[in-house]
Amino acid sequence: MVKETVFSLKGLYREDFKIEAYRFGHGDKSAAIVGSLRGNEMQQLYICSQLVKTLKYLEAHGAITHNHEIVVIPSANNFSMNIEKRFWAIDNQDINRQFPGDAYGDTTKQIANAIFERVKGYSYGIQFASFYMPGDFIPHVRIMEAGQQSPSLATLFGLPYVIIRKPKPMDTVTLNYNWQMNGTSSFSIYTNSTDLIDEASARQAVSSVLRFLTRMGILKYNNHSGYIASITNEDDLMAVKSETAGFYKRLKNPGDFCAHDEVIAEILDPHEGEIKAKIKSPTEGIVFFAHTAPMVLGDEVVYKILRRMHE
């Protein structure tokens with residue numbers, strides 16, 4: 001294992017700001033793995049730490065195959081993480097909306113540029129990502145239709161689902177999209193936690209990456225086969241919104257089945273505690289995403305449900 005500094009910034013209120021990478025093996029640029037780009041992505045950082053620990057052990061025991069290099073960047077935003085801010089604390093910019101970056105631009109663009117210069121040119125790019133809203137997911141792999149997408153490769157992670165997303169204008173400045181634009185097959189892995197560490201899904205995420213690297217001939221590692229993934233489009237996910245403001249009490253969790261018109265959540269009056277509204281499922285299917293924040297505003301998405309394919 002070789003530890004290297006990808007980006008360094010001095011005089012930022014506290015100690016020097018550094019982004020560090022861990023390189024395993026040597027030879028062809030095989031896989032680049034990026035963890036938390038945002039300050040609240042504790043789960044993503046933890047997953048990377050466990051992956052670095054495992055890869056360090058595997059390298060010491062000769063399990064990285066000849067002529068393959070793996071690089072891992074666990075965190076790009078320790079500064080915001082230390083002061084509990086989701087985005088870059090100085091100007092509230094999202095680093096994952098700054099790619100491919102600019103070496104002479106604002107700080108977040110410089111960070112994005114330094115990261116991208118380090119991780120581009122690899123055959124496979126893997127990012128541990130989070131959703132724009134606080135909530136829990138069924139663990140899955142997400143890919144964009146940006147030219148280099150491969151649903152069949154995504155199934156090799158052995159996670160329950162592969163979600164295909166048609167890129168929107170805001171996606172063109174993400175790491176995943178720019179990886180693809182530069183010839184890298186890229187994948188975003190979502191687990192069922194962001195702000196807090198969830199051991200079970202973290203282990204599942206680490207296993208999925210080791211499984212993928214093994215199946216691509218980069219590692220020699222014995223792992224169980226995982227799931228036979230279901231491939232679906234993001235359009236098959238139906239958003240369920242709150243009907244009114246108040247305390248949101250969820251009754252269904254990711255992975256739960258819900259029938260059409262079944263009550264899946266309640267909105268409570270924040271002063272009197274009475275039920276103000278009941279949120280019912282507009283379709284039959286599986287809960288794919290569930291909001292976690294207790295306070296919601298009217299018309300906010302609180303669930304995403306994977307509809308039955310016959311609907």
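The values are calculated or read from the model by the stated rules, or taken from the named source; none is laboratory data. All values reported here derive from a predicted model rather than from experimental measurement. Cβ: placed from backbone, ideal geometry, glycine included. Neighbour counts: every protein chain shown. What goes into the accessible areas is simple: the full protein's heavy atoms, side chains included, and nothing from ligands, DNA or RNA. Shrake-Rupley method; radii C 1.70, N 1.55, O 1.52, S 1.80 Å.
Below, the figures for the structure above:
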read-out: Pair list, Cβ < 6 Å and 6+ apart or interchain, from segment 211-239 residues that are without any contact (Cβ under 8 Å) to a residue 40 or more places away in the chain to residues that are surrounded by fewer than 18 Cβ atoms within 10 Å (Cβ to Cβ) and polar (S, T, N, Q); value: none
read-out: Condition met for K304 (surrounded by 14 or more Cβ atoms within 10 Å (Cβ to Cβ), in a loop (DSSP other than H, G, I, E, B) and at pLDDT 95 or above); value: no
read-out: Top-ranked residue of segment 252-282 - restricted to ones that are among the basic types (K, R) and either touching a helix residue (DSSP H, G or I) at 6+ places or on another chain (Cβ under 6 Å) or in a strand (DSSP E or B) (or both), ranked as nearest to F137 (Cα to Cα); value: K280
read-out: Within segment 272-294, considering residues that are open to solvent by 40 Å² or more (accessible area, probe 1.4 Å) and modelled with pLDDT under 90, the one nearest to the chain's Cα centre (by Cα); value: T292
read-out: Residue within segment 128-136 that is at pLDDT 95 or above, within 14 Å of the chain's Cα centre (by Cα), part of a strand (DSSP E or B) and surrounded by 24 or more Cβ atoms within 10 Å (Cβ to Cβ) present; value: yes
read-out: Matching residues, segment 191-232, being under 18 Å from R142 (Cα atoms) and surrounded by fewer than 13 Cβ atoms within 10 Å (Cβ to Cβ); value: I228
read-out: Scan of segment 18-56 for residues that are surrounded by fewer than 23 Cβ atoms within 10 Å (Cβ to Cβ) and part of a helix (DSSP H, G or I), ordered by number; value: M42, L45, S49, Q50, V52, K53, T54, K56
